[in-house]
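Asks: Below is one structure. I have some questions about it.
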Amino acid sequence: MASIRTKVIRKTRIRPSAIVKDYTADAKQLVGRAANLVRNTAVDSILQGAKSGVTYSLYNPRRTHTASAAGQPPASDTGFLASNITNVIDVDGLGASVESRADYSSFLEFGTTKMAARPFMHPAAEENRPKIRRLAGQMIKVK
């Protein structure tokens, strides 16, 4: 009968606090990257892509504008909505929110009694969910 002997030699002593510190730093980086992904997708959905809604004339300054159809991200006219989408990182760095600070954002996102919704934040979060999960999985596998 064959036998196997093993001997474990620990060259360096790893402290649990060092491991937690490494994971915390990686998690903070992941949170920042995830928030940026969602923000950038929301901004791009507003600024890019053909809109198929009604075209009408605006004044001061005089221009034509093609609105977005119901269910499409809002069409940009002045860029105010897109420029007011920001990331807010929690104090501990382990959480973040992507916010639109334009006062009419909620009306666009959820609609009103007279206008159908033109969502841009929720679709951006859903589009990036698989990417964020992959990034989190890679962070765990590396250690």
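The values are calculated or read from the model by the stated rules, or taken from the named source; none is laboratory data. The structure displayed is predicted, hence computed values, not measured ones. Heads up, the Cβs are rebuilt from the backbone with ideal geometry, glycines too, and the neighbour counts pull from every protein chain shown.
Asks: TYR23 versus (1) at pLDDT 90 or above; (2) under 17 Å from ALA136 (Cβ atoms); (3) not hydrophobic (A, V, I, L, M, F, W, C): which is the lone unmet condition?
Replies: Of everything listed in (1) at pLDDT 90 or above; (2) under 17 Å from ALA136 (Cβ atoms); (3) not hydrophobic (A, V, I, L, M, F, W, C), TYR23 misses just condition (1).
Asks: Sticking with this structure for a sec: Residues of the range 61-81 being in contact with a strand residue (DSSP E or B) (Cβ under 9 Å, 6 or more places away or on another chain) and surrounded by 12 or more Cβ atoms within 10 Å (Cβ to Cβ), which ones?
Replies: Listed by number, the residues that qualify are HIS65, THR66, ALA67, ALA75, ASP77, LEU81.
Asks: What are the residue pairs meeting all of these: first residue in the range 82-93, first residue under 16 Å from PRO119 (Cα atoms), second residue of a type in the set (S, T, N, Q), Cβ atoms under 7 Å, and 6 or more apart or on different chains?
Replies: ALA82/SER76; ASN84/SER100; ILE85/SER100
Asks: Would you confirm, using the coordinates I've provided, whether GLU109 is touching a Phe, Trp or Tyr at 6+ places or on another chain (Cβ under 8 Å) and among the acidic types (Asp, Glu)?
Replies: Yes, satisfied.
Asks: Still on this model: If you scan the range 130-141, which residues turn out to be free of Cβ contacts under 8 Å to residues at least 60 places away in the same chain and either of a type in the set (Val, Ile, Thr) or surrounded by 13 or more Cβ atoms within 10 Å (Cβ to Cβ) (or both)?
Replies: In the first step, residues of the range 130-141 are kept if they are free of Cβ contacts under 8 Å to residues at least 60 places away in the same chain; the result is 130, 133-134, 137-138, 140-141.
Once the filter is applied, which keeps residues that are free of Cβ contacts under 8 Å to residues at least 60 places away in the same chain and either of a type in the set (Val, Ile, Thr) or surrounded by 13 or more Cβ atoms within 10 Å (Cβ to Cβ) (or both), the range 130-141 yields only ILE140.
Asks: Report yes if LEU108 is hydrophobic (A, V, I, L, M, F, W, C), under 27 Å from MET139 (Cβ atoms) and either within 18 Å of the chain's Cα centre (by Cα) or surrounded by 11 or more Cβ atoms within 10 Å (Cβ to Cβ) (or both), otherwise no.
Replies: Spelling it out, it is not the case that LEU108 is hydrophobic (A, V, I, L, M, F, W, C), under 27 Å from MET139 (Cβ atoms) and either within 18 Å of the chain's Cα centre (by Cα) or surrounded by 11 or more Cβ atoms within 10 Å (Cβ to Cβ) (or both).
Asks: Could you check HIS122 against (1) within 30 Å of TYR56 (Cβ to Cβ); (2) in contact (Cβ under 8 Å) with a residue 40 or more places away in the chain; (3) under 15 Å from the mean Cα position of the chain (by Cα) and say which number it fails?
Replies: (2)
Asks: Considering only residues that are hydrophobic (A, V, I, L, M, F, W, C), surrounded by fewer than 16 Cβ atoms within 10 Å (Cβ to Cβ) and closer than 17 Å to HIS122 by Cα, which ones fall in the range 30-51?
Replies: LEU47
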